[in-house]
Amino acid sequence: MRKLALLMFVLAIGCGKKKDDAPAQTASGSAPASDKAPDKAPDKTPDKPAAAPVKDPTKLPGTWHIDGRPEVVWTFNADGTVHIKTSVTEYDGKYTLDGTKLTIEAKDTKTKVYEVAEMSDATLALTDTEYSDTTKWVH
């Protein structure tokens, strides 16, 4: 008898739900069709990440140095050539900018690929795809 009384008490209070939170019921005592779980889950394709914006290649040509390290200088020319100068070496190469991917090929060195994180008239931020570190360059 006590179990029946407890069960009726639980049903009366709605298992902790407020009266306003309980779904409406039809005359048959079941929830309306809109409150029922769908028979089949809707087809949902996973969200694709937004395509990276194409960087304006006209902003790349010019002389850039690492912010705070003026001895490291890269000069990009409009013809696709690049001159790289550091405190210990100097060499020439070629570059391509495809969307946000900057590839630099220099003689006697391996090809380097960078992701262009930012490109403006005054700032160039490149992420080294091999090491995942970003370097800020300025004009």
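The values are calculated or read from the model by the stated rules, or taken from the named source; none is laboratory data. Here the structure is a predicted model, which is why all the values come from computation and not from measurement. All accessible areas refer to the heavy atoms of the entire protein, side chains included, with ligands and DNA or RNA removed. Shrake-Rupley method; radii C 1.70, N 1.55, O 1.52, S 1.80 Å.
At a 1.4 Å probe, what is the % contribution of carbon and sulfur to the accessible area of the stretch 67-139? Carbon plus sulfur share of accessible area: 48 percent. The slack between Ser87 and Thr58, meaning 0.36 nm per residue of separation minus the straight C-alpha distance, is 7.7 nm.
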